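Novice: Before I ask anything, here is the structure I am working with.
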Amino acid sequence: MKRTGTELAIMLNISLFALGISIIFFMKLLPIYFSIVFLLAFANAGTRVARNTFMMQKIPNIIVGRVDSCFRFITLGIRILLIFFFTYVTANDRIGLAFLGLSLLLLSSAGAGWILYKRKQRKQSALLKSVL
């Protein structure tokens, strides 16, 4: 994170996770599957560490607990909805559909994140050019 920055590390890890879930959908070979699961674990842990580091850097100490609680509340709600959806889908013997839905959700989220990240980078560079 020191070399790339916290925001870029978050985006790279989220993209790696989305790509890994998408590849698992098509994988039939066990060694490759285990390699992808290892990458998923790395991306998940890296995203959590980078997100916490980002919050500690950007959010004042007075409200960091409230912001973290808000994010935990939102993620819990999303998890409940996704568990409901995936339970319903897998109960009807549509496991491939569950992976496809998760893959599309993650890829669209990663794409939206990259768009927002690039937009922020452009604004910062334009601001820097106007100051100089």
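Novice: Expressed as a whole number of Å, what is the distance separating the alpha-carbon centroids of region 1-60 and region 61-113?
Specialist: The distance from the Cα centre of region 61-113 to that of region 1-60 comes to 15 Å.
Novice: Which residues make up the longest stretch of the chain clear of chymotrypsin sites (Phe, Trp or Tyr not before Pro) that lie in a DSSP loop with no more than 15 other Cβ atoms within 10 Å, not counting the sites? Walk me through the intermediate numbers first.
Specialist: Details: sites that count: F25, F26.
Longest stretch, sites excluded: 27-132.
Novice: Can you work out the FRET efficiency for the pair I32 and R122, with r the C-beta to C-beta distance and R0 = 30 Å, to the nearest 0.05? Mind showing how you got there, number by number?
Specialist: Details: r = 37 Å, r/R0 = 1.25.
E(calc), rounded to 0.05, equals 0.20.
Novice: In addition: Just to confirm a number: summing +1 for Lys and Arg and -1 for Asp and Glu over residues other than R51 whose beta-carbon lies under 13 angstrom from that of R51, what do you get?
Specialist: Values: positive: R48, K58, R72; negative: E7, D68.
That works out to +1.
Novice: Placing +1 on the Cβ of each Lys and Arg and -1 on the Cβ of each Asp and Glu in the chain, which of I23, I78, Q121 has its Cα farthest towards the positive end of the resulting dipole?
Specialist: Checked the options; the winner is Q121.
Novice: Once the Cα atoms of helix 95-131 and of the chain are each reduced to a long axis, what angle between those two axes, in degrees from 0 to 90 to the nearest 10, is obtained?
Specialist: Helix 95-131 and the main axis of the chain meet at about 10 degrees.
Novice: More than 20 Å apart: what percent of Cα pairs in region 29-132 qualify? Kindly include the intermediate steps, with their values, before the conclusion.
Specialist: On the way: 3366 of 5356 pairs.
Result for the distance tail: 63 percent.
Novice: Follow-up question, since we're still on this one. Please get the size of the charge dipole for region 6-131, origin at its Cα centre, with Cβ charges of +1 on Lys and Arg and -1 on Asp and Glu, quoted in debye to the nearest 20.
Specialist: On the way: 14 positive and 3 negative charges, 111 e Å.
I would put it at about 540 debye.
Novice: Mind sorting S109, S103 by how few other Cβ atoms lie within 10 Å of their own Cβ, fewest first?
Specialist: Working: S109 14, S103 19.
With the fewest neighbours first, S109, S103 line up as S109, S103.
Novice: Going down the table (K28/K118; K2/K129; K2/K28), which pairs top 28 Å between alpha carbons?
Specialist: Numbers: K28/K118 35 Å; K2/K129 24 Å; K2/K28 37 Å.
As for pairs spanning more than 28 Å Cα to Cα, those are K28/K118; K2/K28.
We did not get these values from a lab; they are worked out from the coordinates using the rules stated. Bear in mind that the values here come from a model prediction, so they are computed numbers and not experimental data. With ideal geometry, Cβ positions are generated from the backbone for all residues, glycine too; neighbour counts draw on all protein chains shown.
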